[in-house]
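Only one structure is covered here, and it is reproduced in the block below.
The values are calculated or read from the model by the stated rules, or taken from the named source; none is laboratory data. What you see is a predicted model; the values in this text were computed from it and never measured. In this analysis, Cβ positions are derived from the backbone assuming ideal geometry, glycine residues included, and neighbour counts consider all displayed protein chains.
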Amino acid sequence: MGVKSNLFRLKATVALGVIVNSMVLVLGAIAPSLSQTGIDNNDSGQVSLRMVFRNVRDYTKCLENVLLLYEKYEKPEEFTELSSEDRNKCTLDVAQVYEYSGLPPCEARRLIEEADIFATDRLRPPLFPDRGIRVRIAQNFGYLYRVDRDDRQILNVLPQPPLSCQ
């Protein structure tokens with residue numbers, strides 16, 4: 001009886017995890033994003049980054065993972081799974097939800113914006129990711145970091161027309 005009871009508990013736990021992940025996907029698809037409302041809606045069911053980075057290296061690694069998951073969405077045939085070295089606490093929740101489907105562009109941009117707000121408004125001194133990541137983000141999403149507002153090279157790679165996430 002004890003083995004059957006433990007097996008039942010295990011099956012129930014797995015089923016609950018599947019239900020919760022499904023709810024996160026459904027709620028994330030119908031909830032408005034931060035950029036649409038101007039309101040922080042972390043309770044909406046949207047998946048978010050874990051803002052655990054405190055230095056440029058960890059911040060850049062977090063954004064590299066966001067870009068990898070976005071690239072999977074754009075070119076799934078060229079994507080390989082995130083290696084254990086690529087995984088980090090910052091993108092743990094995002095990777096669990098989007099590892100197989102890839103990260104849609106507007107969702108990736110929302111996460112990048114949230115990370116930038118955290119890194120510049122809440123950390124002292126403010127952090128900016130490595131320049132190479134900033135260039136890739138500008139190319140793919142039209143997102144410009146404030147340190148790059150006068151950088152001609154980055155301004156020249158902004159997509160025309162810009163990504164619309166309304």
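The figures follow:
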read-out: The range 39-51: number of residues that are modelled with pLDDT of 90 or more and part of a helix (DSSP H, G or I); value: 0
read-out: The range 52-77, residues that are in a loop (DSSP other than H, G, I, E, B) and among the polar types (S, T, N, Q); value: N55
read-out: Only listed residue being surrounded by fewer than 19 Cβ atoms within 10 Å (Cβ to Cβ), without any contact (Cβ under 8 Å) to a residue 40 or more places away in the chain and farther than 13 Å from Y59 by Cα, chosen from Q160, Q96; value: Q160
read-out: Residue under evaluation P126, criteria (1) buried (at least 16 other Cβ atoms within 10 Å of the Cβ); (2) part of a loop (DSSP other than H, G, I, E, B), criterion not met; value: (1)
read-out: Qualifying residue in the range 112-120 (condition: in contact with a Pro (Cβ under 7 Å, 6 or more places away or on another chain), buried (at least 19 other Cβ atoms within 10 Å of the Cβ) and of a type in the set (G, A, S)); value: yes
read-out: Candidates R87, R109, filtered to the one that is at pLDDT below 80, under 17 Å from the mean Cα position of the chain (by Cα) and within 25 Å of F128 (Cβ to Cβ); value: R87
